[in-house]
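All remarks here apply to the structure that follows.
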Amino acid sequence: MPSLPAALPLEWRVEEGLTDYPAALGAMQARVAAIRAGTAAEQVWLVEHPPSYTAGTSADAADLVDPRFPTYAAGRGGQWTYHGPGQRTAYALLDLQRAHGRVPARDIRAYVEGLEEWMIRTLDRFNVKGERRKGRVGIWVAEGGGRESKIGAIGVRVTRWVSWHGIALNVEPDLSHFAGIVPCGIRQHGVTSLWALGVTATMEEVDIALRACWDEVFGNQAGEGGA
């Protein structure tokens, strides 16, 4: 395989206000094409969406319990997910033909594990223990009495080795909005947020933690190693 040209520095973009979901899909698709063509840098794009339900490629129509908000086909893997204000959605648009920190090139499973580790380390900055669960996508917290709740969701798509979509971390969303779906098809567990756990972090503080922990996992520039 011929060597790849030097990568442009990773771009971080924080979107103000609320970004409509279809607009985000269009922007991601355009960026993916540009990254593939070598005309744009990789990007981590931090957004908040208006209340909406998005369906992954494995979504079951029966899991849309109450379509009180607009629904969209996301095109990513996974099932139903809620997006809304107070939730930090982070889209990672990366050329996976390259290694990124501890994530080797062309290894989608390692990339998903890297996204999980990114959220776990971010939560740790706020003294919240995020955990993986076998057979359950996303990041979970134990809340006592055997109760577990999901605090972070993951959904990815890879097009010609360029990733899009990413993670959704619950900072202070209206948790009642999740009742309109069966999140990720899992009925026996609930959802939670930093604020529900008593951690009143601001979105800006969460963004700072996300940026620092990205560097630890994926390196501080495309192709660079992490701690």
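Only the coordinates and a few stated rules stand behind these numbers; no lab work does. On a predicted model such as this, the values are computed, not experimentally measured, just so you know. All Cβ positions, glycine included, derive from the backbone under ideal geometry; neighbour counts span all protein chains shown.
Things to note:
- Put a plus charge on the Cβ of each Lys and Arg, a minus charge on the Cβ of each Asp and Glu, and nothing anywhere else: the dipole of the range 53-169 about its Cα centre is then about 260 debye.
- Each Lys and Arg contributes +1 and each Asp and Glu -1, all at the Cβ; summed about the Cα centre of the chain, the dipole is approximately 740 debye.
- Length available on full extension from ALA34 to GLN97: 0.36 nm per residue minus the Cα-Cα distance, which gives 21.2 nm.
- Tilt relative to the chain, helix 203-218 - C-alpha long axis, 0 to 90 degrees, to 10: 50 degrees
- Among GLY86, GLY38, THR202 the positive-end extreme of the charge dipole of the chain (Cβ point charges): GLY38
- Highest-fluctuation residue, ILE181, ILE208, ILE108 considered, GNM on the chain with Cα pairs under 10 Å: ILE208
- Each Cα pair of the chain feeds into the Kirkwood radius, which the Stokes-Einstein equation turns, at 10 °C and 1.306 mPa s, into a diffusion coefficient of 90 µm²/s.
- Within a Gaussian network of the chain (alpha carbon springs, distance under 10 Å), most fluctuating of GLU204, GLU113, GLU42: GLU204
- The GNM of the chain, with springs linking C-alpha atoms under 10 angstrom apart, assigns the highest mean-square fluctuation among HIS165, HIS189, HIS49 to HIS189.
- Note on the range 96-134 and the range 148-213: Cα centroid distance 14 Å, given to the nearest whole angstrom.
- Mean Cα-pair separation over length for the chain, i.e. relative contact order, pairs under 8 Å, 6 or more apart, %: 23 percent
- Scalar couplings 3J(HN,Hα) for the range 20-30, obtained by applying the Karplus form with A = 6.51, B = -1.76, C = 1.60 to θ = phi - 60°, are 4, 4, x, 5, 5, 4, x, 5, 5, 4, 5 Hz; x denotes Gly and Pro.
- Considering every alpha-carbon pair of the range 42-107, the percent of pairs per 10 Å bin, from zero through the bin containing the longest distance, is 19, 39, 29, 13, 1.
- Based on the reciprocal of the average 1/r between different C-alpha atoms, the Kirkwood radius for the range 47-156 equals 15.5 Å.
- Neighbour-count ranking [beta-carbon atoms within 10 angstrom, fewest first] of TRP12, TRP118: TRP12, TRP118
- Per-pair calculated FRET efficiency, R0 = 30 Å: ALA23 and GLU204 via Cβ, rounded to 0.05: 0.85
- Three-way shape label, the range 79-137, alpha-carbon gyration tensor, a/c 1.5: prolate
- Prolate/oblate/rounded call for the range 119-215, Cα gyration tensor, a/c under 1.5 rounded: oblate
- Angle in degrees between helix 108-124 and the longest Cα principal axis of the chain, rounded to the nearest 10: 60 degrees
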